[in-house]
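First up is the structure itself, then whatever we jot down about it.
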Amino acid sequence: MYKIAKDDLNSLFRLIASGQELYLPENIGGQVNFAPWSEEAEVDLDTLKTVKSPKDAFFPQSENLYTVKRDGKKLSVEPEKLKEQSFVVFGMRACDTAGLKVLDRVFLSDPVDTFYAARRAHGTVVALACHEPEESCFCKVFGVDCAEPEADVAAWIIDGTLYWKPVTEKGQALTESVKELLEPADDEAGKVEAEKDAVRGIREQLPYMNLSLEGWNGDALAEKFDSPLWEELYKPCLACGTCTFVCPTCQCYDIKDYDTGHGVQRYRCWDSCMYSDFTMMAHGNNRTSQMQRFRQRFMHKLVYFPANNDGMYSCVGCGRCVEKCPASLNIVKVIKSFQDQGGEKA
């Protein structure tokens with residue numbers, strides 16, 4: 001284990017960025033999101049959760065796939081190059097690194113998504129443990145430990161010092177490249193263990209941490225799908241798609257063409273199952289009501305995904321949907337509503 005004073009982190013960022021790209025949480029216009037580091041960046045490692053998850057470092061909100069160019073009657077197709085530059089994503093939280101495991105199941109399964117695979121191969125994740133989880137958090141419900149994130153490097157900020165623990169080969173390589181700025185801290189492991197205990201103590205007091213997933217699994221298809229509860233739950237839904245765009249595990253995308261005037265760019269961009277034109281085909285849409293679209297989102301996270309991924313849920317309990325939904329609809333409310341239906345105390 002190593003350490004570096006928090007006041008010296010700019011030197012660390014500068015050294016990392018000298019050899020590869022660096023993305024970290026920045027305050028831009030009053031909102032904190034991951035962005036490329038620069039000397040002028042207002043880095044914010046204190047905000048617990050960025051507005052959007054940092055998944056777009058690996059699955060961008062929009063990315064070109066290929067370009068078709070016309071020269072007279074001749075057409076040429078130029079595929080977009082795969083990611084070749086190494087990069088570091090610094091400051092992801094445990095819930096966000098757990099979200100990458102969900103995306104890996106989707107994009108690295110056969111047939112492999114080569115764009116995503118290239119980014120995963122070239123990206124190194126430095127995850128920051130939470131210091132004070134918030135009321136909207138419920139990561140423990142889905143097996144995520146906010147006090148000890150799973151990443152290439154795990155880090156903790158304690159009393160003005162950042163403690164740095166390389167975990168994987170990528171993490172060891174990054175550590176070697178910045179070792180000149182790090183001090184050995186194996187004799188301070190007790191401080192980190194005490195911090196973990198304190199964080200877990202806070203976590204246990206949060207209102208959603210004991211949410212029960214009883215009855216939600218890959219075998220609950222008929223029971224949950226046919227429940228009349230959906231007809232009541234969906235009504236306040238505005239179909240805005242906010243929940244899907246802040247979510248670290250949502251992976252739906254659309255493919256579109258853009259006429260540049262000199263050719264056509266084909267690109268993909270995030271989409272939402274909450275939109276009425278999602279998966280629209282010539283004959284229309286298979287889910288014709290907002291109730292059906294609302295049900296699809298939560299059935300996918302709690303039933304369909306675990307049914308096809310060895311019991312893994314497609315939610316990591318980050319709480320972003322709890323905070324951002326303008327109609328106060330979220331996965332917690334859905335789970336608790338089904339608990340109430342079953343006569344259990346919510």
Mind telling me which of the residues LEU24, LEU9 ends up being outside the structural domain of HIS262 (by TED's automatic domain parsing), surrounded by 17 or more Cβ atoms within 10 Å (Cβ to Cβ) and in contact with a strand residue (DSSP E or B) (Cβ under 6 Å, 6 or more places away or on another chain)? LEU24
Which condition number in (1) under 18 Å from ALA154 (Cβ atoms); (2) among the β-branched types (Val, Ile, Thr); (3) surrounded by fewer than 17 Cβ atoms within 10 Å (Cβ to Cβ) is the one that THR47 fails? (1)
What number of residues within the range 219-238 satisfy the criterion of being among the aromatic types (Phe, Trp, Tyr) and farther than 17 Å from ARG293 by Cβ? 0
Could you pull out the residue among ASP113, ASP96 that is charged (D, E, K, R), more than 30 Å from GLU204 (Cα to Cα) and either surrounded by fewer than 20 Cβ atoms within 10 Å (Cβ to Cβ) or not assigned by TED's automatic domain parsing to the domain that holds GLN265 (or both)? ASP113
Taking the range 110-150 as the search range and keeping residues that are part of a helix (DSSP H, G or I) and touching a residue at least 60 places away in the same chain (Cβ under 8 Å), which one is farthest from LYS170 (Cα to Cα)? VAL141
Criterion violated by ASP226 - all others in (1) under 29 Å from GLN61 (Cβ atoms); (2) of a type in the set (Asp, Glu); (3) free of Cβ contacts under 8 Å to residues at least 12 places away in the same chain satisfied: (1)
Residues in the range 212-229: is at least one in a helix (DSSP H, G or I) and crowded, with 18+ Cβ neighbours inside 10 Å? yes
When GLN265 is evaluated against the numbered criteria (1) closer than 21 Å to ARG105 by Cα; (2) touching a Phe, Trp or Tyr at 6+ places or on another chain (Cβ under 6 Å), which criterion, by number, is the only one it fails? (1)
I need the full set of residues from the range 246-284 which are assigned to a strand (DSSP E or B), of a type outside the set (Asp, Glu) and at pLDDT 85 or above, in order please. TYR253, ILE255, LYS256, TYR258, GLY263, VAL264, GLN265, ARG266, TYR267, ARG268, CYS269, TRP270
Failed condition for LYS170, given (1) at pLDDT below 95; (2) within 20 Å of ASP96 (Cα to Cα), with all others met? (1)
Taking the conditions exactly as written (part of a helix (DSSP H, G or I), of a type in the set (Lys, Arg) and either assigned by TED's automatic domain parsing to the domain that holds TRP270 or surrounded by fewer than 15 Cβ atoms within 10 Å (Cβ to Cβ) (or both)), does LYS101 satisfy them or not? yes
Determine whether the range 177-191 contains at least one residue that is farther than 18 Å from ILE4 by Cα, touching a residue at least 12 places away in the same chain (Cβ under 8 Å) and either part of a helix (DSSP H, G or I) or not assigned by TED's automatic domain parsing to the domain that holds GLU132 (or both). no
Out of the residues in the range 48-99 that are in contact (Cβ under 8 Å) with a residue 60 or more places away in the chain and of a type in the set (Val, Ile, Thr), which is farthest from LEU128 (Cα to Cα)? VAL68
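The values are calculated or read from the model by the stated rules, or taken from the named source; none is laboratory data. Note that the coordinates shown come from a computational prediction; the quantities given were computed from them, not determined experimentally. When we count neighbours, we look across all protein chains shown, and the Cβ atoms used for this are built from the backbone with ideal geometry, even at glycine.
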